[in-house]
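The values are calculated or read from the model by the stated rules, or taken from the named source; none is laboratory data. The shown structure was predicted, so the numbers you read here are calculated from the model rather than taken from an experiment. Glycine gets a Cβ as well: all are built from the backbone with ideal geometry, and neighbour counts include every protein chain shown. Ligands, DNA and RNA are stripped out before the accessible areas are found, and what is left, the full protein with its side chains, is counted by its heavy atoms. Shrake-Rupley method; radii C 1.70, N 1.55, O 1.52, S 1.80 Å.
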Amino acid sequence: MSGCTAAPLLSQREIVRAAFFQQQGARSAVFLLLADSAQNAEGQQPAYKVVTGHGDNPEQALEKAENSLEGQVFYGLLDLATFPTQYNWQNVVDTARLLYDKTKPAPQMILFLMDEMPEQQLVKNAGDLYEEMEKAQVRYDLKNGLQTVFSEKNECALPVWKGTEYGFSFLQKDKEPLMVKEAIAAQLAAVLSEQSDRLECLFDQESAALQTQTYVQHCADQVGQNELRLTLIDPEIRDISGEGREPVQLQQLLCNELQQVFADFTRNLYTDQFDPFRTGIWVAAQSGSQKPVPQPSLMIHLEP
(Lines give C-alpha, C1' and ligand atoms only; values in the text may rest on other atoms or scores of the structure.)
Protein backbone atom coordinates (compact mmCIF):
# COMPACT_ATOMS: atom_id res chain seq x y z
CA MET A 1 0.00 0.00 0.00
CA SER A 2 2.95 2.34 0.54
CA GLY A 3 4.08 1.80 -3.03
CA CYS A 4 7.44 0.41 -2.02
CA THR A 5 7.10 -2.94 -3.76
CA ALA A 6 10.24 -3.56 -5.78
CA ALA A 7 9.86 -3.78 -9.55
CA PRO A 8 10.83 -7.13 -11.07
CA LEU A 9 14.42 -7.43 -12.23
CA LEU A 10 15.00 -7.71 -15.96
CA SER A 11 16.04 -11.31 -15.39
CA GLN A 12 12.56 -11.94 -13.98
CA ARG A 13 10.80 -10.39 -16.95
CA GLU A 14 9.82 -11.71 -20.37
CA ILE A 15 11.35 -9.09 -22.65
CA VAL A 16 9.40 -8.67 -25.90
CA ARG A 17 11.47 -7.47 -28.86
CA ALA A 18 8.92 -7.89 -31.68
CA ALA A 19 5.24 -8.63 -32.20
CA PHE A 20 4.06 -10.26 -35.44
CA PHE A 21 0.28 -10.09 -35.90
CA GLN A 22 -1.31 -12.46 -38.43
CA GLN A 23 -4.84 -12.91 -39.76
CA GLN A 24 -5.62 -16.60 -40.29
CA GLY A 25 -9.00 -16.62 -41.98
CA ALA A 26 -11.53 -15.33 -39.44
CA ARG A 27 -9.07 -15.90 -36.57
CA SER A 28 -6.21 -13.77 -35.29
CA ALA A 29 -2.76 -14.84 -34.20
CA VAL A 30 0.20 -13.09 -32.62
CA PHE A 31 3.79 -14.25 -32.38
CA LEU A 32 5.87 -12.58 -29.67
CA LEU A 33 9.63 -12.68 -30.12
CA LEU A 34 11.31 -12.58 -26.73
CA ALA A 35 14.90 -12.31 -25.62
CA ASP A 36 15.98 -15.72 -24.29
CA SER A 37 17.82 -14.69 -21.12
CA ALA A 38 19.02 -18.23 -20.39
CA GLN A 39 20.80 -18.64 -23.71
CA ASN A 40 22.04 -15.06 -23.69
CA ALA A 41 23.63 -15.71 -20.29
CA GLU A 42 25.59 -18.56 -21.87
CA GLY A 43 27.09 -16.17 -24.38
CA GLN A 44 24.91 -17.04 -27.35
CA GLN A 45 24.17 -13.57 -28.75
CA PRO A 46 21.51 -12.86 -29.72
CA ALA A 47 19.12 -15.60 -28.62
CA TYR A 48 15.34 -15.56 -28.89
CA LYS A 49 12.27 -17.61 -28.14
CA VAL A 50 8.77 -17.33 -29.61
CA VAL A 51 5.39 -17.63 -27.96
CA THR A 52 2.12 -17.69 -29.88
CA GLY A 53 -1.46 -16.79 -29.12
CA HIS A 54 -4.64 -17.37 -31.10
CA GLY A 55 -8.05 -15.80 -30.68
CA ASP A 56 -11.13 -14.34 -32.27
CA ASN A 57 -9.39 -10.95 -32.42
CA PRO A 58 -5.88 -9.50 -31.90
CA GLU A 59 -6.57 -8.54 -28.28
CA GLN A 60 -7.61 -12.07 -27.35
CA ALA A 61 -4.64 -13.54 -29.21
CA LEU A 62 -2.23 -11.23 -27.40
CA GLU A 63 -3.71 -12.03 -23.99
CA LYS A 64 -3.32 -15.76 -24.65
CA ALA A 65 0.29 -15.30 -25.72
CA GLU A 66 1.06 -13.30 -22.57
CA ASN A 67 -0.70 -15.84 -20.33
CA SER A 68 1.55 -18.61 -21.65
CA LEU A 69 4.63 -16.89 -20.22
CA GLU A 70 6.09 -17.55 -16.78
CA GLY A 71 7.59 -14.14 -16.05
CA GLN A 72 6.13 -10.65 -16.18
CA VAL A 73 5.77 -9.32 -19.73
CA PHE A 74 8.00 -6.31 -20.44
CA TYR A 75 7.42 -4.21 -23.58
CA GLY A 76 10.00 -1.50 -22.84
CA LEU A 77 12.43 -2.87 -25.45
CA LEU A 78 9.84 -3.65 -28.13
CA ASP A 79 11.14 -2.07 -31.33
CA LEU A 80 9.29 -3.88 -34.14
CA ALA A 81 5.69 -4.78 -34.94
CA THR A 82 4.06 -6.12 -38.07
CA PHE A 83 0.41 -6.11 -39.12
CA PRO A 84 -1.17 -8.21 -41.91
CA THR A 85 -1.31 -6.68 -45.38
CA GLN A 86 -5.00 -7.66 -45.57
CA TYR A 87 -5.79 -5.28 -42.70
CA ASN A 88 -7.85 -2.23 -43.60
CA TRP A 89 -7.45 1.17 -41.95
CA GLN A 90 -9.72 0.30 -39.02
CA ASN A 91 -7.89 -2.97 -38.34
CA VAL A 92 -4.53 -1.20 -38.33
CA VAL A 93 -5.77 1.53 -35.99
CA ASP A 94 -7.38 -0.95 -33.58
CA THR A 95 -4.28 -3.15 -33.39
CA ALA A 96 -1.96 -0.16 -33.04
CA ARG A 97 -4.10 1.16 -30.19
CA LEU A 98 -3.97 -2.25 -28.53
CA LEU A 99 -0.18 -2.15 -28.72
CA TYR A 100 -0.11 1.43 -27.45
CA ASP A 101 -2.21 0.50 -24.42
CA LYS A 102 0.13 -2.40 -23.69
CA THR A 103 3.37 -0.47 -24.15
CA LYS A 104 2.68 3.10 -23.01
CA PRO A 105 4.66 5.16 -22.63
CA ALA A 106 5.21 3.65 -26.09
CA PRO A 107 8.81 2.69 -26.93
CA GLN A 108 10.41 3.64 -30.22
CA MET A 109 9.53 1.04 -32.83
CA ILE A 110 9.26 0.43 -36.55
CA LEU A 111 6.01 -0.78 -38.12
CA PHE A 112 5.62 -2.93 -41.23
CA LEU A 113 2.71 -4.53 -42.99
CA MET A 114 3.57 -8.15 -43.86
CA ASP A 115 2.02 -10.92 -45.95
CA GLU A 116 0.75 -13.98 -44.11
CA MET A 117 3.42 -16.58 -43.40
CA PRO A 118 2.89 -20.25 -42.46
CA GLU A 119 2.85 -20.55 -38.68
CA GLN A 120 5.67 -23.08 -38.40
CA GLN A 121 7.86 -21.02 -40.70
CA LEU A 122 7.24 -17.84 -38.71
CA VAL A 123 7.95 -19.54 -35.38
CA LYS A 124 11.18 -21.02 -36.75
CA ASN A 125 12.43 -17.89 -38.48
CA ALA A 126 11.07 -15.07 -36.30
CA GLY A 127 14.50 -14.18 -34.93
CA ASP A 128 16.11 -14.02 -38.38
CA LEU A 129 13.13 -12.06 -39.73
CA TYR A 130 13.42 -9.57 -36.89
CA GLU A 131 17.11 -9.00 -37.58
CA GLU A 132 16.51 -8.65 -41.34
CA MET A 133 13.83 -6.02 -40.69
CA GLU A 134 16.12 -4.17 -38.30
CA LYS A 135 18.84 -4.07 -40.99
CA ALA A 136 16.34 -2.87 -43.60
CA GLN A 137 15.20 -0.13 -41.24
CA VAL A 138 18.80 1.12 -40.97
CA ARG A 139 19.60 0.66 -44.67
CA TYR A 140 16.58 2.61 -45.89
CA ASP A 141 16.45 4.94 -42.86
CA LEU A 142 12.82 4.07 -42.22
CA LYS A 143 11.18 5.85 -39.32
CA ASN A 144 7.58 5.60 -38.27
CA GLY A 145 6.01 4.12 -35.13
CA LEU A 146 2.61 4.03 -33.47
CA GLN A 147 2.27 7.81 -33.77
CA THR A 148 2.27 7.38 -37.56
CA VAL A 149 -1.03 5.50 -37.37
CA PHE A 150 -2.72 8.09 -35.15
CA SER A 151 -1.36 11.33 -36.61
CA GLU A 152 -4.22 11.73 -39.11
CA LYS A 153 -7.91 11.25 -38.35
CA ASN A 154 -9.01 8.87 -41.11
CA GLU A 155 -5.88 7.76 -42.91
CA CYS A 156 -2.40 6.34 -42.48
CA ALA A 157 0.38 4.80 -44.55
CA LEU A 158 2.96 2.11 -43.76
CA PRO A 159 5.83 0.29 -45.48
CA VAL A 160 5.20 -3.28 -46.62
CA TRP A 161 7.84 -5.90 -45.95
CA LYS A 162 9.22 -7.35 -49.19
CA GLY A 163 12.56 -8.77 -48.07
CA THR A 164 15.50 -6.86 -49.55
CA GLU A 165 13.15 -4.04 -50.64
CA TYR A 166 9.85 -2.73 -49.35
CA GLY A 167 6.48 -1.72 -50.71
CA PHE A 168 4.17 0.96 -49.36
CA SER A 169 0.46 0.96 -48.55
CA PHE A 170 -1.93 3.91 -48.20
CA LEU A 171 -4.94 3.20 -46.01
CA GLN A 172 -8.14 5.24 -45.71
CA LYS A 173 -11.23 4.80 -43.60
CA ASP A 174 -13.95 2.76 -45.33
CA LYS A 175 -11.77 2.16 -48.42
CA GLU A 176 -9.56 -0.62 -49.70
CA PRO A 177 -5.81 -0.06 -49.14
CA LEU A 178 -3.82 1.20 -52.10
CA MET A 179 -0.59 -0.81 -52.40
CA VAL A 180 2.56 0.49 -54.12
CA LYS A 181 4.87 -2.40 -55.02
CA GLU A 182 7.62 -1.07 -57.29
CA ALA A 183 10.73 -0.14 -55.28
CA ILE A 184 11.26 3.38 -56.61
CA ALA A 185 7.57 4.23 -56.16
CA ALA A 186 7.43 2.78 -52.63
CA GLN A 187 10.55 4.64 -51.56
CA LEU A 188 9.35 7.93 -53.03
CA ALA A 189 6.05 7.42 -51.18
CA ALA A 190 7.92 6.83 -47.92
CA VAL A 191 10.07 9.94 -48.45
CA LEU A 192 7.08 12.17 -49.26
CA SER A 193 5.19 10.69 -46.28
CA GLU A 194 8.13 11.61 -44.02
CA GLN A 195 8.82 7.99 -43.11
CA SER A 196 12.24 7.93 -44.78
CA ASP A 197 14.85 10.34 -46.06
CA ARG A 198 16.70 7.96 -48.37
CA LEU A 199 16.31 6.53 -51.88
CA GLU A 200 18.27 3.37 -52.68
CA CYS A 201 16.84 1.61 -55.71
CA LEU A 202 17.12 0.76 -59.40
CA PHE A 203 15.42 2.80 -62.12
CA ASP A 204 15.05 2.98 -65.92
CA GLN A 205 13.98 -0.67 -66.11
CA GLU A 206 16.75 -1.64 -63.67
CA SER A 207 19.49 -0.31 -65.95
CA ALA A 208 20.68 2.33 -63.45
CA ALA A 209 21.14 2.51 -59.69
CA LEU A 210 20.49 5.37 -57.26
CA GLN A 211 21.65 6.03 -53.72
CA THR A 212 20.91 9.37 -52.09
CA GLN A 213 19.74 11.16 -48.99
CA THR A 214 16.69 13.35 -49.48
CA TYR A 215 15.07 16.47 -48.14
CA VAL A 216 11.44 17.47 -48.71
CA GLN A 217 9.89 20.93 -48.40
CA HIS A 218 6.21 21.79 -48.66
CA CYS A 219 5.65 25.07 -50.46
CA ALA A 220 2.63 27.21 -51.23
CA ASP A 221 4.16 30.54 -52.18
CA GLN A 222 1.15 31.67 -54.20
CA VAL A 223 -2.57 31.35 -53.73
CA GLY A 224 -3.70 28.00 -55.09
CA GLN A 225 -0.16 26.64 -55.34
CA ASN A 226 0.66 23.28 -53.79
CA GLU A 227 4.21 22.14 -54.43
CA LEU A 228 6.54 19.53 -52.96
CA ARG A 229 10.22 20.24 -53.44
CA LEU A 230 12.36 17.10 -53.34
CA THR A 231 16.10 17.60 -52.95
CA LEU A 232 18.47 14.72 -53.68
CA ILE A 233 21.59 15.35 -51.61
CA ASP A 234 24.83 14.40 -53.37
CA PRO A 235 23.13 11.59 -55.32
CA GLU A 236 25.17 8.61 -56.48
CA ILE A 237 23.78 7.54 -59.85
CA ARG A 238 25.43 4.59 -61.61
CA ASP A 239 24.86 3.18 -65.08
CA ILE A 240 24.70 -0.61 -64.77
CA SER A 241 23.53 -1.21 -68.34
CA GLY A 242 27.02 -1.34 -69.80
CA GLU A 243 26.10 1.38 -72.32
CA GLY A 244 28.32 4.06 -70.81
CA ARG A 245 25.64 6.74 -70.60
CA GLU A 246 26.61 10.21 -69.45
CA PRO A 247 25.68 11.44 -65.92
CA VAL A 248 23.45 14.21 -67.32
CA GLN A 249 21.45 11.64 -69.30
CA LEU A 250 21.04 9.42 -66.24
CA GLN A 251 19.92 12.37 -64.14
CA GLN A 252 17.27 13.29 -66.69
CA LEU A 253 16.03 9.68 -66.86
CA LEU A 254 15.81 9.59 -63.06
CA CYS A 255 13.88 12.88 -62.83
CA ASN A 256 11.48 11.75 -65.57
CA GLU A 257 10.76 8.49 -63.78
CA LEU A 258 10.24 10.18 -60.41
CA GLN A 259 7.85 12.66 -62.04
CA GLN A 260 5.91 9.80 -63.66
CA VAL A 261 5.66 7.95 -60.34
CA PHE A 262 4.46 11.15 -58.67
CA ALA A 263 1.87 11.73 -61.40
CA ASP A 264 0.51 8.24 -60.71
CA PHE A 265 0.31 9.08 -57.01
CA THR A 266 -1.65 12.27 -57.52
CA ARG A 267 -4.03 10.63 -59.98
CA ASN A 268 -4.76 7.68 -57.68
CA LEU A 269 -4.46 9.28 -54.23
CA TYR A 270 -5.66 12.88 -54.34
CA THR A 271 -9.36 12.18 -54.39
CA ASP A 272 -12.06 13.39 -52.00
CA GLN A 273 -10.40 14.64 -48.80
CA PHE A 274 -7.36 12.35 -48.91
CA ASP A 275 -4.08 14.27 -48.49
CA PRO A 276 -1.44 11.54 -47.97
CA PHE A 277 1.55 13.89 -48.19
CA ARG A 278 0.02 16.40 -45.74
CA THR A 279 0.22 19.41 -47.98
CA GLY A 280 -3.12 20.86 -46.91
CA ILE A 281 -1.70 22.77 -43.94
CA TRP A 282 0.57 24.76 -46.25
CA VAL A 283 -2.22 25.55 -48.67
CA ALA A 284 -4.44 26.66 -45.78
CA ALA A 285 -1.69 28.88 -44.38
CA GLN A 286 -1.46 30.69 -47.72
CA SER A 287 -5.05 30.87 -48.90
CA GLY A 288 -7.21 29.72 -46.00
CA SER A 289 -9.01 26.43 -45.67
CA GLN A 290 -9.29 24.83 -49.08
CA LYS A 291 -11.05 21.47 -49.48
CA PRO A 292 -10.41 19.29 -51.24
CA VAL A 293 -6.68 20.02 -51.22
CA PRO A 294 -5.49 20.69 -54.79
CA GLN A 295 -3.23 18.07 -56.30
CA PRO A 296 0.40 18.91 -55.51
CA SER A 297 3.16 19.27 -58.06
CA LEU A 298 6.73 18.00 -57.61
CA MET A 299 9.95 19.89 -58.19
CA ILE A 300 13.17 17.88 -58.09
CA HIS A 301 16.52 19.44 -57.26
CA LEU A 302 19.85 17.57 -57.39
CA GLU A 303 22.24 19.06 -54.88
CA PRO A 304 25.94 18.31 -55.53
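Residues Leu69, Leu111: which one is touching a Phe, Trp or Tyr at 6+ places or on another chain (Cβ under 9 Å) and either among the β-branched types (Val, Ile, Thr) or open to solvent by less than 30 Å² (accessible area, probe 1.4 Å) (or both)? Please lay out each step first, then the result.
Details: Leu69 fails: touching a Phe, Trp or Tyr at 6+ places or on another chain (Cβ under 9 Å).
Just a single option satisfies the conditions, and that option is Leu111.
Report, by residue number, each residue of segment 198-231 that is under 22 Å from Gln295 (Cα atoms) and acidic (Asp, Glu).
Kept after step one, since they are under 22 Å from Gln295 (Cα atoms), are these residues of segment 198-231: 214-231.
Matches in segment 198-231: Asp221, Glu227.
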Inset, instruction - Give me the pairs, please: first residue somewhere in segment 110-130 and among the hydroxyl-bearing types (Ser, Thr, Tyr), second residue anywhere and open to solvent by 10 Å² or more (accessible area, probe 1.4 Å), beta-carbon distance under 7 Å, and either six or more positions apart or on two chains. - result: Tyr130/Arg17
Inset, instruction - Search segment 84-99 for residues being surrounded by 19 or more Cβ atoms within 10 Å (Cβ to Cβ) and among the hydroxyl-bearing types (Ser, Thr, Tyr), and hand back the single one that is farthest from Val16 (Cα to Cα). - result: Tyr87
Inset, instruction - Find all pairs meeting these conditions: Cβ atoms under 7 angstrom apart; at least six residues apart or on different chains; first residue within segment 283-296 and open to solvent by 70 Å² or more (accessible area, probe 1.4 Å) and part of a loop (DSSP other than H, G, I, E, B); second residue aromatic (Phe, Trp, Tyr) and at pLDDT 75 or above. - result: Gln295/Tyr270
Inset, instruction - Restrict the check to segment 249-271 and report whether at least one residue is out of contact with any helix residue (DSSP H, G or I) (no Cβ under 6 Å at 6 or more places or on another chain), of a type outside the set (D, E, K, R), open to solvent by 10 Å² or more (accessible area, probe 1.4 Å) and in a loop (DSSP other than H, G, I, E, B). - result: yes
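Let's see how each residue does on (1) hydrophobic (A, V, I, L, M, F, W, C); (2) in contact (Cβ under 8 Å) with a residue 40 or more places away in the chain; (3) part of a loop (DSSP other than H, G, I, E, B):
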{"site": "Glu176", "(1), (2), (3)": "no, yes, yes"}
{"site": "Ile184", "(1), (2), (3)": "yes, yes, no"}
{"site": "Ala189", "(1), (2), (3)": "yes, yes, no"}
{"site": "Gln195", "(1), (2), (3)": "no, yes, yes"}
{"site": "Leu202", "(1), (2), (3)": "yes, no, no"}
Inset, instruction - Might you let me know whether segment 54-70 holds any residue that is in a strand (DSSP E or B), modelled with pLDDT of 95 or more and farther than 24 Å from Glu152 by Cα? - result: yes
Inset, instruction - Filter segment 205-236 down to residues that are open to solvent by less than 40 Å² (accessible area, probe 1.4 Å) and either touching a Pro at 6+ places or on another chain (Cβ under 7 Å) or among the charged types (D, E, K, R) (or both), then give me how many there are. - result: 5
